[in-house]
């Protein structure tokens, strides 16, 4: 229980430090409409023909995808929706008017990926990203990708 509380407090304090920043040397990845973006480390490469995704080595190791939802008003998730999506409180890191950030999937073994989802408000809708990564990929890198999500508008 104590570990969960410390973990949650840690993430509640991190967003101001990482919110919408592009770490030095990282690459910017924009969604297909050019309305939203994330940043990925320099060793990540574009995924196939997609300008809206990047991978580390291959899509099975780690993939980060950014999307925009024009016209979709951004708002925090209701408790009901969190229950429907089966998001336990300890995996909901932020659910505010600034950002929704939660862990959708937790790895059960070295070949099973983790997955983070995040959304932020945009001028004309919502920006979202999903980062799926194997346990061998540093969690802090995946979180930095999530915290780089922002609107280009």
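Nothing in this text is a laboratory measurement; each read-out follows from the coordinates by a stated rule. Quantities reported herein were computed from a predicted structural model and do not represent experimental measurements. In this analysis, Cβ positions are derived from the backbone assuming ideal geometry, glycine residues included, and neighbour counts consider all displayed protein chains.
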Here the residues of the stretch 110-134 lying in the modelled label zone of residue 140, meaning backbone nitrogen under 20 Å from a point 7 Å along Cα-to-Cβ, are 114-116, 131-134
Extending each Cα 7 Å along its Cβ direction at residue 58 and residue 43, get the distance between those two points in nm, one decimal.
1.7 nm
Students often check this: by mean Cβ neighbours within 10 Å, which of 105-117, 49-61 ranks highest, and how do the rest follow?
49-61, 105-117
